[in-house]
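Colleague: Have a look at this one.
Just so you know, all these numbers are worked out from the coordinates, no wet-lab data involved. As the structure is a computational prediction, the values presented were derived from the model and not from experiment. In this analysis, Cβ positions are derived from the backbone assuming ideal geometry, glycine residues included, and neighbour counts consider all displayed protein chains.
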Amino acid sequence: MISLKRFILSALLFTLLIPVSGCSVFMAAKQPEKKDIGLFKVGVSRVTLISEFGPPVISEYKDDKKIEIFKFVQGYSTGAKAGRAFFHGAASVVTLGLWELVGTPTEITFNGDEMAYLVKYDENDLVDEVIAIKKE
């Protein structure tokens, strides 16, 4: 039979660990989405790039050509995010929440890669040239 003292200690520990547990799970699930960088190629329309990567951070004309710079965070596929979240959840349960001391900093560190591409367009707003400025 479990003593009252041990039961209260266990209940207190469990109560303290519940708020801590789940941070890495939530962070893994909320990581940025994976973008299709294969779209940065000659012939792709400007509208297609904007729909995938959002508006460019710089848009200007140089030598009668439209030039834009797209900057974004390359994230993870849905499967990778779900797998990471599941692993963090399982590890947190097995270690009674202690995994969060490792899992949360890990998710802060592995939160995607910043990327930037310079794109030049032809007169029809189709990609004419792509230069990777900051690549994974």
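Colleague: Would you list the membrane-span-like helices of the chain, meaning whole DSSP H runs whose alpha-carbon atoms span at least 18 Å along their axis and whose mean Kyte-Doolittle value is at least -1.0?
Modeller: Qualifying helices, which must be both long enough and hydrophobic enough, are 4-20, 78-94.
Colleague: Using 1/(1 + (r/R0)^6) with R0 = 41 angstrom and r between the beta carbons of LEU118 and ALA29, what's the FRET efficiency to the nearest 0.05?
Modeller: Once the sixth-power term is evaluated, E becomes 0.80.
Colleague: Among the aspartates and glutamates, which fall within straight-line cross-link reach of LYS81, defined as a Cα-Cα distance under 15 Å, with same-chain neighbours fewer than 8 residues apart omitted?
Modeller: GLU33, GLU107, ASP113
Colleague: Next up: With an 8 Å Cα cut-off and a minimum separation of 6 or more residues, compute the relative contact order for the chain in percent. Write out the running numbers ahead of the final one.
Modeller: On the way: 207 pairs, mean separation 43.9, N = 136.
Relative contact order, the chain: 32 percent.
Colleague: Still on this model: With mean projected area of the Cα convex hull in nm² defined as stated, name the option among [x] 10.1; [y] 8.5; [z] 7.7 computed from the structure displayed.
Modeller: Checking each listed value against the structure points to [x].
Colleague: Could you name the lysines whose alpha carbon sits less than 21 Å from that of LYS71, not counting residues in the same chain fewer than 8 places away?
Modeller: Straight-distance partners of LYS71: LYS30, LYS34, LYS35, LYS41, LYS62, LYS120, LYS134, LYS135.
Colleague: Grab the DSSP H runs of the chain that are 4 residues or longer, score each as -39,500 (n - 2.57), total them, divide by all residues and round the 222 nm result to the nearest 500 deg cm²/dmol.
Modeller: Computed ellipticity for the chain at 222 nm equals -13500 deg cm²/dmol.
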